[in-house]
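Written below as structure tokens is the structure these notes are about.
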Amino acid sequence: MTIAISGWRFKSVSNNLALHFSFNTTPAVTSVTRSPSPATGITRALIRSSDVLDTTVNLLDFAEADGIHNIPANISFQGLSAMILSFPSFNSSLVYDPDFSVALTGNNNNNGDGSNTQLLGLIALVAIPCACILLAVAATAFAILLRAKRVSAARASVNF
């Protein structure tokens, strides 16, 4: 996801641009905490949804405005419901590639045996349809080869 704005004029250089993103998840978000950053210039947040799911979000702390790199992006969280990205004023254009990467991991605080059934369910949602598609492709290829063999055999036979 890249945010690109062009032809934008601020009324005053003291104004800023604030983009609000709302969290609408099931199960509902129960906590949002900043965690240690993997590198300089990256904000990392852990979004916890009950005792079922943890989502890690990495956001770049800089944008490009009017062709100038390293314009600061202020990242804040408003309670459990929203994230706000704020940018200082610019003359005409802003490009922000937030590196909005999401890593889904199960929460091990669910009094279970440490197995991650929610993550396995997510993997199954991808693996089962892929397996069905591969099976359908294999069956179609087999049918095409079988038909080609029959046509070839019929051409080679002698009819009286």
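What follows is calculated from the coordinates using simple rules that are stated; it is not laboratory data. Computed from a predicted model, the values in this text were never measured in an experiment. Note that we place each Cβ from the backbone using ideal geometry, even for glycine, and neighbour counts take in every protein chain shown.
Select from region 1-83 those trypsin sites (Lys or Arg not before Pro) which occupy a DSSP coil region and have at most 13 other Cβ atoms within 10 Å, ordered by residue number.
Arg9, Lys11
Under a point spin-label approximation (7 Å from Cα along Cα-to-Cβ), what is the Leu80-Ala131 distance to one decimal in nm?
In this crude label model, Leu80 to Ala131 measures out at 3.6 nm.
Can you give the extra length, in nm with one decimal, that the chain gains between Phe21 and Ile71 once fully stretched, where that is 0.36 nm per residue apart less the Cα-Cα distance? Present the calculation step by step, with values, prior to reporting the outcome.
Details: separation 50, 0.36 × 50 = 18.00 nm, distance 2.01 nm.
Value of the extension gain: 16.0 nm.
So how much slack lies between Arg9 and Leu46, counting 0.36 nm per residue of separation and subtracting their Cα-Cα distance, in nm? Before the final figure, lay out the partial values.
On the way: separation 37, 0.36 × 37 = 13.32 nm, distance 3.46 nm.
The span from Arg9 to Leu46 would gain 9.9 nm if fully extended.
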